[in-house]
Amino acid sequence: MSTPDRGHWRIERDAEQIIWLWADKADASANVLSSEVLQELDGHLATIRSEAPRGLVVLSAKKSGFVAGADIKEFTRIQGEDSGYRLIHAGQAVLDRLAALPFPTVAALHGFALGGGLELALACRYRVAVGDERLTLGLPEVQLGIHPGFGGTVRSVQLIGVKAAMRLLLTGKPVRAEEALRLGLVDRLVAAENLHAEARRLILHPPRPHRAPLTERMLSWAPIRPWVQPSLTAQVASKVRREHYPAPFAIIDLWSRFGARGPAAFEAEARSIARLFVSETARGLIRVFLLQDRLKALAGKSATPLQQVHVIGAGVMGGDIAAWAALRGCRVSLQDSDATRIPPALARAREWFQSRLREPDKVAAAVQRLSADPEGLALAEADVVIEAIVEDLQAKRTLLQQIEPRVKPDALLATNTSSIDIGALGAGLKRPERLVGLHFFNPVAQMPLVEIVAAPASSEPAVRTASAFARTLDKLPLPCRSVPGFVVNRVLMPYLQEAMHAAAEGVPFERIDAAAVAFGMPMGPVELADVVGLDVAAHVGAIVAQGLGRPVPDLEPLRARIAAGQLGRKSGAGFYPWQDGKAIKAPVSGTAPEDLTDRLILILLNECAACLREQIAADADLIDAAVIFGTGFAPFRGGPFAYARARGVNAVVERLQALAQRHGERFEPDVGWALLASGAAASRPPRTSLEQPVKS
Ligand code: NAI
């Protein structure tokens, strides 16, 4: 069935009989290959073929780049393997027609060409690209639990050889200009103003198309493949488990069966991705991708500039927040009552700039942007002031009261407290409405989430500015209410405490961690406690428990270590000995108690249900996002609630009841589950432009 042409493509014909086909998706700032876009492309290709021009140049009319990939939202509508296959097969057929055109075809690239976008370029005979720092070429599908489906698993190997193609396909990591040229992924790199001229030259004087070198092609020969395949599989297996992440194994499997040759390879690619589409992993990872987009979209525009940042407290967090803000282009001043704390923070920042920015002038510029300010002289100019001093209510309150008269009237006042109520901190201020929690996680450079914590008094503009600032720093803002532990620490605490209960019963630490990792957590709860610091974990645990009116846990293994000064990684020993930043673990032996994984995971899920009931964040999806991006919760499971839905909410509740009978009332199912079961709390429409949670 043909739909009316919406004008996603534009055709120009020049005097030299070259056709210029511009991708320009209607109503979008970036091109994506939706079914509609592909269908229109198909129509144009039929016309172009019949015109028999000298050649065809495919290029993008968008400033942002070439083509960002397939339309991921379409993937969420795939109901079964058959519909997934039809979608992919149709797309493959369009690119096959492009690849089969009997005259030279050139993809003229700038900015990004990712996923389906790169597959489109691979279906052309030549690729020329603007070789600047924005050029980003990649096949990131594996990060969504799938693999390329428009011929990318086949054409990438043919063009650049199995080793280089597998690196693109299996890691999903993009390559930049110089590497793309070295690999042969592009034929030419040019300056922006020469892109069209070079594309034209390739059409008028077509060289022999690039192919992978013979030594690389030999690796794909049938007798050789069985020798290569085990090492590829071993590399992937050392990083991920097949049952959690089947896609990279499927990529290797496709290559080892067909050697990236012939129609059967394309057909198998389509069948394989159709199977992956309906896997729990792809559904989970696609959900994570869309949740990330949602968090990004939450950040409204700030009414004020957010360029000048003042951080008070040059410790672990303050120092890293200051460095990160400077790295992201803000001018930052760093204050501490103990002036000796500032130089080490600046030195740490400099090392970091060097490793991240590499080019000396960029490093120098970042160093320039970050300055010591022991007296707080820059306070009066700051657009954003972040308090990151010791976790002590009185100290923070006094400081905030002292600085309030000195900051600009429209500056954002923020605190990085991890456990103190924002309302209590703002109580002594003349204008408490401007105070918001900006809860960064440790390590700042690695953790994508920032909880934007609102007290009842916090104003909407202040919350909006805080979210916008999080985006300025390329972090994901998660608006939530100020309750003990906010969302992330609140749900982590029962998980860590359950690990302590199990350990007190005699289950070895390694066994506990192995159970969590087997579920898909990035590290087990025992190791996590060591990383956080046992004193910090105990302190936050106590504050959360007190705040919720629960008994303060006094868990034996934890108490004993803290008393002995074994505080975790930072002191060289905690539950584990630590060496060179790594926990030394004994091999796991014996069998785990049958309910160990459920004890750890379901108690965390139960706390998520409590957060939902208390509306700490606006809906179930945002709680899932908080837990994924704030703790690394098994991304392929799509978040705690997605996991609960996949397992069946009633089944989860029944299991919690059984655990409560066996292990105690801490497992008693929260009434919040009823909200989820009824669907009432899932994915509600936004309440305000910022999805501010309802104030209690
Ligand atoms: P830290 O102990 O490493 O650093 C605190 C710094 O504040 C010290 O350099 C101290 O000299 C300075 N300071 C104390 N009182 C001051 C005052 N009145 N004026 C100026 N400077 C003062 O502490 P850390 O770990 O960086 O924590 C800071 C804040 O971040 C706390 O509120 C903590 O709860 C929060 N946080 C900590 C995380 C962590 O993993 N360490 C994670 C997330 C939040």
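Some observations on this one:
- Legend: residue pairs K475/K570; K408/K570; K239/K475; K62/K239; K63/K408; K63/K301, Cα-Cα distance threshold 28 Å; pairs beyond threshold, K408/K570; K62/K239; K63/K408.
- Rounded to whole Å, the principal axis extents of the Cα atoms in region 518-609 read 38, 31, 21, largest first.
- Integer Hz, Karplus 6.51/-1.76/1.60 couplings in order for region 332-340, x for Gly and Pro: 10, 10, 10, 10, 7, 5, 9, 4, 5
- Accessible carbon and sulfur surface of region 9-278 relative to its total accessible area, %, 1.4 Å: 54
- Per residue, the convex hull around the alpha carbon atoms of region 92-144 comes to 68 Å³.
- Expected 222 nm ellipticity per residue - DSSP helices of 4 or more, -39500 (n - 2.57), all of the chain, to 500: -15000 deg cm²/dmol
- Loop sites in region 447-556: GluC sites (Glu not before Pro), DSSP, at most 12 other Cβ within 10 Å: E505
- Cα convex hull, region 143-238: 131 Å³ per residue, rounded to a whole number.
- C-alpha center-to-center spacing [region 503-571, region 376-427] in angstrom: 30
- In region 270-380 the Cα-Cα distances spread across 10 Å bins starting at 0 as 14, 31, 22, 16, 12, 4, 0 percent of all pairs.
- Anisotropy class of region 308-484 from Cα gyration tensor, a/c 1.5 cut: prolate
- Across region 308-484, C-alpha contacts under 8 Å between residues 6 or more apart give a mean separation that, scaled by the residue count, equals a relative contact order of 20 percent.
- Cα extents for the chain along the principal axes, largest to smallest and rounded to whole angstrom: 78, 60, 49.
- Across region 358-365, computed HN-Hα scalar couplings (Karplus, 6.51 cos²θ - 1.76 cosθ + 1.60, θ = phi - 60°) run 6, 5, x, 5, 5, 4, 4, 5 Hz from first to last residue, x flagging Gly and Pro.
- For the pair D27 and K73, the difference between a 0.36 nm per residue extended length and the Cα-Cα distance amounts to 15.0 nm.
- For region 9-278, the solvent-accessible area works out to 43 Å² per residue, with a probe of 1.4 Å and every protein chain left in place.
- Each residue of region 454-459 is assigned a 3J(HN,Hα), and the resulting list reads 9, 7, x, 7, 4, 7 Hz, derived from the Karplus form 6.51 cos²θ - 1.76 cosθ + 1.60 (θ = phi - 60°), x at Gly and Pro.
- The chain: relative contact order as a whole-number percent, Cα under 8 Å and 6+ apart: 9
- In this label model, R613 and R182 are separated by 5.7 nm, measuring between points 7 Å along each Cα→Cβ vector.
- The trypsin sites (Lys or Arg not before Pro) of region 33-102 meeting both criteria, a DSSP state outside H, G, I, E and B (loop) and at most 13 other C-beta atoms within 10 angstrom of the site's C-beta, are K63, R77.
- Between 0 and 90°, nearest 10: helix 460-472 axis offset from the chain longest Cα axis: 50
- Other-chain or far-sequence residues with amide H under 5 Å of L438's (modelled H): T415, N416, T417, V453
- Percentage of interatomic Cα-Cα distances in region 447-566 larger than 18 Å: 59
- With a Förster radius of 60 Å applied to the C-beta separation of A395 and A90, the computed FRET efficiency comes to 0.45.
- Cα gyration tensor shape for region 619-670, rounded if a/c is under 1.5, else prolate or oblate: prolate
- Gyration tensor (alpha-carbon) shape descriptor, region 170-316, a/c threshold 1.5: oblate
- Aspartates and glutamates whose Cα lies under 12 Å from that of K585, excluding same-chain neighbours fewer than 8 positions away: E510, D513, E527
- What the Cβ-Cβ distance of D410 and E193 gives, at R0 = 51 Å and to the nearest 0.05, is a FRET efficiency of 0.75.
- C-alpha long axis of helix 316-327 to longest principal axis of the chain, angle in °: 30
- For region 415-471, the equivalent ellipsoid derived from the alpha-carbon gyration tensor has semi-axes of 21, 13, 7 Å in decreasing order.
- Counting only protein heavy atoms and a 1.4 Å probe, region 308-484 has 39 square angstrom of accessible area per residue.
- According to the calculation over all Cα-Cα pairs in region 44-184, the P(r) per 5 Å bin from zero is 2, 10, 19, 23, 21, 15, 8, 3, 0 %.
- From largest to smallest, the equivalent ellipsoid semi-axes obtained for region 9-278 from the alpha-carbon gyration tensor read 29, 21, 17 Å.
- Once both labels are positioned 7 Å from their Cα atoms along Cα-to-Cβ, the gap between K239 and K63 label points is 3.5 nm.
- Inter-centroid distance (Cα atoms) of region 622-676 relative to region 80-116, Å: 40
- Carbon and sulfur %, accessible surface of region 308-484 computed with the full protein complex present, 1.4 Å: 52
- Whole-percent P(r), region 1-120, all Cα pairs, 5 Å bins from 0: 2, 11, 22, 24, 21, 13, 5, 2, 1, 0.
The values are calculated or read from the model by the stated rules, or taken from the named source; none is laboratory data. Note that the structure is predicted; figures quoted are calculated from it, not measured. Here the Cβ is made from the backbone with ideal geometry for all residues, glycine too, and neighbour counts use every protein chain on show. Note: areas computed on protein heavy atoms with side chains; ligands, DNA, RNA excluded. Shrake-Rupley method; radii C 1.70, N 1.55, O 1.52, S 1.80 Å.
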